[in-house]
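This report concerns only the one structure given below.
The values are calculated or read from the model by the stated rules, or taken from the named source; none is laboratory data. Not measured: the values here are computed from a predicted model. Counting neighbours? That spans all protein chains shown, and the Cβs are built from the backbone with ideal geometry, glycine included. These area figures cover heavy atoms from the full protein model, side chains too; ligands, DNA and RNA do not enter into them. Shrake-Rupley method; radii C 1.70, N 1.55, O 1.52, S 1.80 Å.
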Amino acid sequence: MTNEVKPSQSELSRRDVLFMGAITASTLLTSNTISKAASQPSSPDTSAGTDPYVAKDFSVLLSKKLEGLSQSQLNQHIKLYQGYVKKANEIHHKLKEVDLASANATYSPLRELLAEQSYALNGAIYHEYYFGNLGGKGGEATGDIRAALDECFGSFSKFNDYLKAAGKSMRGWVIVGYNTRIGRIDTFGLDLHNVFSPANVVPVLVLDVYEHAYMIDYGIDRVKYLDAFMQNIDWEAANKRLSLAVKSPCCLVDPVV
Ligand SMILES: [Fe+2]
């Protein structure tokens, strides 16, 4: 049994979600309506010593006692996330002082900082999406995301199988997102925070498949972890992200909506 919202009752129609026209590059580049994004500064960073990134508070997940994901597992995972935020800030500050004269594509301090900047920042932001779509009742999707998944995969069962297979195939992340270029739901896999990360795709549902996400609870049994993940998805959060992405596809959305 599904809880699909009828198009007339839904904030977005299936057609809006699935067949929104392609977004031109010029639109993306000229938009000045950037929303508050994950781990972005809450105010302009005008001081050299001001940390631009602030870790979000996910302690509510610990109090919810998620099915199949222990407090110990989540607590360690949240601490890891906080470390990425800390390193993103550190790199941000070091880039202001780095030696430019030694720039070199084999090795230079600037190269290393630039390479690790996306690792740290993506590590922070993708974790915010991940924690932000945990804490729900799981089960079958509802609302517009359900309609979009049914349209793309044929049924929720097929999406479920695809997501788990993708989760078994990748080494870092699986991103179910709104592909702004084609105006529909799409799925991507990452091996590291900054390896294979798609451009202009707004994450709607993010799955962490790094071993650190489940090793405490399941050892190397990733399949059991994937089952636990499915049981704790917050489909309401996914629907909010999708709604924001479709309404303003040129903008990124806050992972914690
Ligand atoms: Fe993680």
Subject >> Accessible area per residue, Å², the stretch 14-247 with all protein chains present, probe 1.4 Å >> reply: 49
Subject >> nm² value of the averaged projected area, convex hull over the Cα atoms of the stretch 14-247 >> reply: 14.0
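Checking the table LYS56/LYS86; LYS64/LYS240; LYS164/LYS224 against a 18 Å threshold on Cα-Cα, which pairs fail?
Those over the limit are LYS64/LYS240.
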Subject >> Cleavage-rule hits (trypsin sites (Lys or Arg not before Pro)) in the stretch 103-161: DSSP loop, at most 15 neighbouring Cβ within 10 angstrom >> reply: LYS137
Original post:
Under a point spin-label approximation (7 Å from Cα along Cα-to-Cβ), what is the SER248-MET215 distance to one decimal in nm?
Top reply: 3.9
Original post:
What nm value, rounded to one decimal, do you get for the distance between VAL256 and GLU112 when each label is placed 7 Å out toward the C-beta?
Top reply: 3.3
Original post:
Listed highest first by mean packing, meaning other Cβ atoms within 10 Å per residue, what order do 114-123, 96-105, 49-58 come in?
Top reply: 114-123, 49-58, 96-105
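Of the heavy-atom accessible surface of the stretch 14-247 (probe 1.4 angstrom), what whole percent is carbon and sulfur?
Carbon with sulfur: 53 percent of the solvent-accessible area.
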